[in-house]
Structures are given as structure tokens and as C-alpha cells.
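The values are calculated or read from the model by the stated rules, or taken from the named source; none is laboratory data. These figures come from a predicted structure and were not determined experimentally. Virtual Cβ from ideal backbone geometry, glycine too; neighbours counted across all protein chains shown.
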Amino acid sequence: MSLFRKIFGPKSDDSQEYIQNEQRSKYMPEIKLPIDERFTINFKANGGKFLYCEDLDEVDQNLNSILQENDWKQKKVLILDNQLAEKFKAIDFEISKNISDCTYFLTACEFLISNDGSLLISSNQIAQKRLKELPSNFIIFATTSQFVETISEGLKGIKNKNRKEIPTNITTIKHFKTCDDKDFLSYGSSSKNLYLLLLEDL
């Protein structure tokens, strides 16, 4: 996806879901951006930090860079998913199950929601914990095959993937920066300092 290489260029504050081509007549329908590009624009507008990776080696490199940049190398990490811990066993983590000891939380997610730039998660990732119980720093590992248009599509996807036992505690993470107390729309939400490691798998 050459689109993601553009992410590291100049930042744009444009969080519009559609673009209007100046060459087109004002009576022509608006051009809808691709699902991945819409997610990226909305995710960045929410305050998320985005790292596109072409392979697992690049995922490991970017993960190490995040830890070094934030001085988390010697800090404890919360990982609730044993398969994810196995995937990143090459990284020198100090894993703890005690949330109060942990500086950051490493997890996967269910789906990436394009229309609002949020991440859909469930008990598969966070067990029965509430978002506000978890560390304020999140590192999320996801793949490009996890893009969906809406939360509704994501919920259908969760149901289809887990026909035997549907996970509980399904929620979205949307606010990736400190919320202004005066902003009533974000009042009561759990803001997270969030990094997304996105692996190309299509």
C-alpha cells in the first residue's frame, strides 16, 4: 500500500472523510477516499501515532524505536494475550500481570474502524478489564486486513470469527490524546497515549 508511505510526509490537519476535486463540477458527487486512507486521516485526527510496517522485522524495529523514544526499555509491560507475547519474544520485555506496575500495554485489536478512526477491542484483548483500569500508554498491533467501514461491520466480523463463543467486553478506543475537560463530547472517556503498529498483510 503506497498510501502509507505518504503518512511520513507533511502532516495534514484535514480530517474530512471526502475530498472534492477542484476540476470537477460542484454538481458531481463527492469522491470517497479508500477505506485505509479514511482510517488514517481520522486516526491521526484523534491523536493516534501511526507506524506502517511492511513485514514483521519492521514491526520489531518500530516497536524497539517506540520503547527507546519513550524510555520504556526498563519499564514493565502489560500483555494479557499469550500469543502476542510469543510473537514478540525477540523483544527484551519485562512482562507483568500487575497493572499498577506497568507503564504501557501491548495488545492486538479486533478491527480498525474507518469512519471514525477508532479501534474495536474485546475480552480477547483486555479480558474483563475496563479501559480506565489499564495503563495510559497503549501499543496496538494490527494488520491491514482488519479495516472495516463501521462499528456495525466490526461487530458482525467479531461474531463471524467467534461462532462458538462470542467475546464479551466489546468496546472502542477513540481518544488518543488528553481530552479537554471543557469538551463535553469527550467527557468521561478514557484517553490513551496510543501507538498503532500496522502490518501489511494484503
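For this structure, a couple of remarks:
- Flag for residue 51 being within 17 Å of residue 114 (Cα to Cα), surrounded by 18 or more Cβ atoms within 10 Å (Cβ to Cβ) and at pLDDT 95 or above: yes
- Region 148-173, residues that are in a helix (DSSP H, G or I) and of a type outside the set (A, V, I, L, M): 152, 153, 154, 156, 157, 159, 160, 161
- Filter result for residue 32 (surrounded by 16 or more Cβ atoms within 10 Å (Cβ to Cβ) and without any contact (Cβ under 8 Å) to a residue 60 or more places away in the chain): no
- Region 60-107 - residue that is within 30 Å of residue 153 (Cα to Cα) and of a type in the set (Ser, Thr, Tyr) and, of those, nearest to the chain's Cα centre (by Cα): 107
- Subset of region 99-120 (residues that are farther than 30 Å from residue 149 by Cβ and touching a residue at least 12 places away in the same chain (Cβ under 8 Å)): 99, 101, 102, 103
- Which listed residue is over 16 Å from the mean Cα position of the chain (by Cα) and of a type in the set (Asp, Glu), from 133, 110, 149: 133
- Scope region 28-44; condition in a loop (DSSP other than H, G, I, E, B) and modelled with pLDDT of 65 or more; matching residues: 33, 34
- Flag if residue 3 is modelled with pLDDT of 90 or more and either closer than 21 Å to residue 112 by Cα or in a loop (DSSP other than H, G, I, E, B) (or both): no
- Residue satisfying condition, being modelled with pLDDT of 95 or more, among the hydrophobic types (A, V, I, L, M, F, W, C), more than 20 Å from residue 201 (Cα to Cα) and surrounded by 20 or more Cβ atoms within 10 Å (Cβ to Cβ), within set 111, 138: 138
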